[in-house]
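Working notes for the structure below.
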Amino acid sequence: MRITCRECGSKARIGSRESVSVEYAKLYCQCLDPHCGHSFVMELSYSHALRPSATSVDQLIFDRLRELPISRQRQLFDQLSSLPV
């Protein structure tokens, strides 16, 4: 990712990062032009997935099942166990 100084247009570097959450971080940046010297904070955030991760599907299913009442969970497991393999 290329960071540029909005004051002079020169390249800037990320000096440090503060992770606020898994999906959001503050990037503390400095302009590399010694005549400018601008310091600033940029925000980096997750927007959306273009294709879901295959590893997250199982976790998503388990999370959704845990949200259901026990009686509904049992119904679903009974339905699944009656399906042919």
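Dipole of the chain, Cα-centred, from +1 at each Lys and Arg C-beta and -1 at each Asp and Glu C-beta, to the nearest 20 debye?
Taking the Cα centre of the chain as origin, the dipole is about 100 debye.
When the C-alpha atoms of segment 3-45 are aligned to their principal axes, what extent does each axis show, in angstrom, from largest down?
Taking the Cα atoms of segment 3-45, the three principal extents are 35, 14, 11 Å.
Determine, for Met1, Met42, the number of other Cβ atoms within 10 Å of each Cβ, and report the residues in order from fewest to most.
Met1, Met42
What is the magnitude of the charge dipole of segment 3-45 about its Cα centre, with +1 placed on the Cβ of each Lys and Arg, -1 on the Cβ of each Asp and Glu, and no other charges, expressed in debye to the nearest 20?
Dipole of segment 3-45, to the nearest 20 debye: 100 debye.
Give me Phe40, Phe77 sorted ascending by neighbouring Cβ count inside 10 Å, so fewest comes first.
Least to most surrounded, the residues fall as Phe77, Phe40.
Once you've got the GNM for the chain with C-alpha springs shorter than 10 Å, pick whichever of Ser56, Ser16, Ser47 has the biggest mean-square fluctuation.
Result for the chain, Cα springs under 10 Å: Ser56 fluctuates most.
Taking trypsin sites (Lys or Arg not before Pro) that fall in a DSSP loop and have at most 13 other Cβ atoms within 10 Å as cut points, what is the longest piece of the chain between them?
7-85
In whole Hz, what ³J(HN,Hα) sequence does segment 58-71 give by Karplus (6.51, -1.76, 1.60; θ = phi - 60°), x for Gly and Pro?
Coupling constants for segment 58-71: 4, 5, 4, 4, 4, 4, 5, 5, 4, 6, 7, x, 4, 4 Hz.
Cysteines without a disulfide-compatible partner in the chain, using Cβ under 4.7 Å as the rule?
Unpaired cysteines in the chain: Cys29.
Can you list residues whose amide H is under 5 Å from Ile3's amide H, if they're 5+ apart or on another chain and H is modeled 1.01 Å from N?
Here Ala12 satisfy the definition.
Once every Cα of the chain carries one equal point scatterer and solvent is ignored, give the base-10 log of I(q)/I(0) from the Debye formula at q = 0.13, 0.20, 0.25, 0.26 Å⁻¹, two decimals.
-0.64, -0.97, -1.14, -1.18
Can you pull out the GluC sites (Glu not before Pro) in segment 1-71 whose DSSP state is coil and whose Cβ has at most 11 other Cβ atoms within 10 Å?
Answer by residue number: Glu23.
Only the coordinates and a few stated rules stand behind these numbers; no lab work does. Keep in mind that what you see is a predicted model, and the values were worked out from it rather than measured. Don't worry about glycine lacking a Cβ; one is built from the backbone with ideal geometry, like all the others, and counts go over all protein chains shown.
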